[in-house]
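The values are calculated or read from the model by the stated rules, or taken from the named source; none is laboratory data. On a predicted model such as this, the values are computed, not experimentally measured, just so you know. With ideal geometry, Cβ positions are generated from the backbone for all residues, glycine too; neighbour counts draw on all protein chains shown. Surface areas here come from the heavy atoms of the whole protein model, side chains and all, with no ligands, DNA or RNA. Shrake-Rupley method; radii C 1.70, N 1.55, O 1.52, S 1.80 Å.
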Amino acid sequence: MDSGLILLVFLALLFAWGLNRVRRALRLGPVGYVGVMIVFVIAMLLVWGQTLR
């Protein structure tokens, strides 16, 4: 596996953990949580795609 991809997976897990804590603090509903996760996944895929060039 690519080391950059492993780093992105680690960052995604760290982001999900932090987002869960923020979601509890801000009382975001499931729709807001899913929206933030989709934006994060798209951003990470764009970053990963740039490293392939």
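A few comments on the model shown:
- Across the range 26-53, the number of residues qualifying as aromatic (Phe, Trp, Tyr), under 14 Å from Leu7 (Cα atoms) and at pLDDT 80 or above comes to 0.
- Test for Leu13: is it in a helix (DSSP H, G or I), open to solvent by 90 Å² or more (accessible area, probe 1.4 Å), hydrophobic (A, V, I, L, M, F, W, C) and free of Cβ contacts under 8 Å to residues at least 40 places away in the same chain: yes
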